[in-house]
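Structure, as structure tokens:
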Amino acid sequence: MSPTRRAAVLGSPIAHSLSPVLHRAAYAELGLTGWEYGRHEVDEAALAEFVGKLGAEWAGLSLTMPLKRAIIPLLDEISGTAASVEAVNTVVFTADGRRIGDNTDIPGMLAALAERGVERVERASVLGAGATASSALAALSRICTGEVTAYVRSAARADEMRGWGERLGVAVRTASWDDAAEAFHAPLTVATTPAGTTDALAAAVPDRPGTLFDVLYEPWPTALAAAWADRGGAVVGGLDLLVHQAVLQVEQMTGRSPAPLAAMRRAGEAALAARHVG
């Protein structure tokens with residue numbers, strides 16, 4: 001028997017994605033036996049054709065790189081949150097066939113920080129200047145009362161981050177990546193760079209650090225996160241972000257709330273542990 005409702009994550013590469021594990025755990029906990037969540041390798045060139053073939057049984061899509069901006073022209077509407085960073089990671093198909101885009105990364109970041117007691121900071125640092133960094137700035141626009149310093153590798157990236165700051169209403173100062181260790185003196189540091197990028201900075205973590213939000217979840221802990229925890233600092237990880245943004249996706253796609261955060265986190269932790277054993 002075919003499922004009554006379908007959802008999936010799209011991206012390229014996509015084989016590593018934990019989204020199916022998280023969403024399926026939610027369906028099981030919620031008793032949604034007629035729901036199926038899959039994973040599809042789709043690049044920008046194939047996206048329009050893939051979306052165009054989806055039938056009425058589809059409830060929603062999760063989008064990862066490189067599709068978060070490519071999906072926007074294919075949608076009927078996007079939320080203000082998604083528009084603020086020009087990135088959609090969630091699409092919900094309505095009963096009348098409309099495609100509505102949203103960004104759950106930003107509220108997911110805020111929820112992950114709030115879970116660790118970080119609801120307001122007077123200043124913050126961001127390591128990196130990619131798409132995730134712009135989402136971090138959007139999240140910080142809601143909780144940071146002062147300046148955000150972005151540590152970047154080029155003048156072009158510095159211009160981009162200042163531009164995002166102006167757009168999002170955040171006071172952004174940029175600094176050279178060569179001085180990235182200075183980031184750790186802020187109450188909150190958000191690391192948005194690819195795996196291995198911050199490893200060399202681990203030795204520079206101060207004795208009494210604030211909070212580190214490292215958006216990676218594999219490998220975990222990163223060298224930076226491990227050093228941070230060793231020195232007594234609070235650490236929020238990529239799995240925290242992944243679970244919180246997935247909770248919001250499940251709620252939007254299924255119409256069931258609250259989504260089972262604890263069950264989804266356990267499923268994600270078990271999947272990561274199994275990968276490491278393998």
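The values are calculated or read from the model by the stated rules, or taken from the named source; none is laboratory data. All values reported here derive from a predicted model rather than from experimental measurement. With ideal geometry, Cβ positions are generated from the backbone for all residues, glycine too; neighbour counts draw on all protein chains shown. What goes into the accessible areas is simple: the full protein's heavy atoms, side chains included, and nothing from ligands, DNA or RNA. Shrake-Rupley method; radii C 1.70, N 1.55, O 1.52, S 1.80 Å.
Summary table
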{"read-out": "Surface per residue (accessible, 1.4 Å probe) for the stretch 106-236, Å²", "value": "43"}
{"read-out": "Label point 7 Å beyond Cα of residue 182 along Cβ direction - residues of the stretch 126-149 with amide nitrogen under 16 Å", "value": "126-128, 147-149"}
{"read-out": "Inter-part distance where the stretch 15-61 and the stretch 71-91 are each reduced to a Cα centre, Å", "value": "18"}
{"read-out": "Of all accessible heavy-atom area on the chain, the percent that carbon and sulfur account for (1.4 Å)", "value": "50"}
{"read-out": "Exposure rank, largest accessible area first [72, 14; 1.4 Å]", "value": "72, 14"}
{"read-out": "Nearest-0.05 FRET efficiency for residue 223 and residue 54, computed from C-beta distance (R0 45 Å)", "value": "0.60"}
{"read-out": "Cα gyration tensor category, rounded, prolate or oblate, for the stretch 2-42 with a/c compared to 1.5", "value": "oblate"}
{"read-out": "Local electrostatic count, residue 209, Cβ distance below 11 Å [Lys/Arg +1, Asp/Glu -1]", "value": "0"}
{"read-out": "Using a Förster distance of 22 Å, the FRET efficiency for residue 200-residue 231 (Cβ separation, nearest 0.05)", "value": "0.85"}
{"read-out": "Where a label projected 7 Å from the Cα of residue 122 along Cα→Cβ would reach, residues of the stretch 178-208 with amide N under 16 Å", "value": "185-189"}
{"read-out": "Difference of contour (0.36 nm per residue) and Cα-Cα distance, residue 33 to residue 171", "value": "44.9 nm"}
{"read-out": "List 105, 43, ordered by accessible area with a 1.4 Å probe, largest first", "value": "43, 105"}
{"read-out": "With all protein chains modelled, accessible area of residue 217 [1.4 Å, Å²]", "value": "40"}
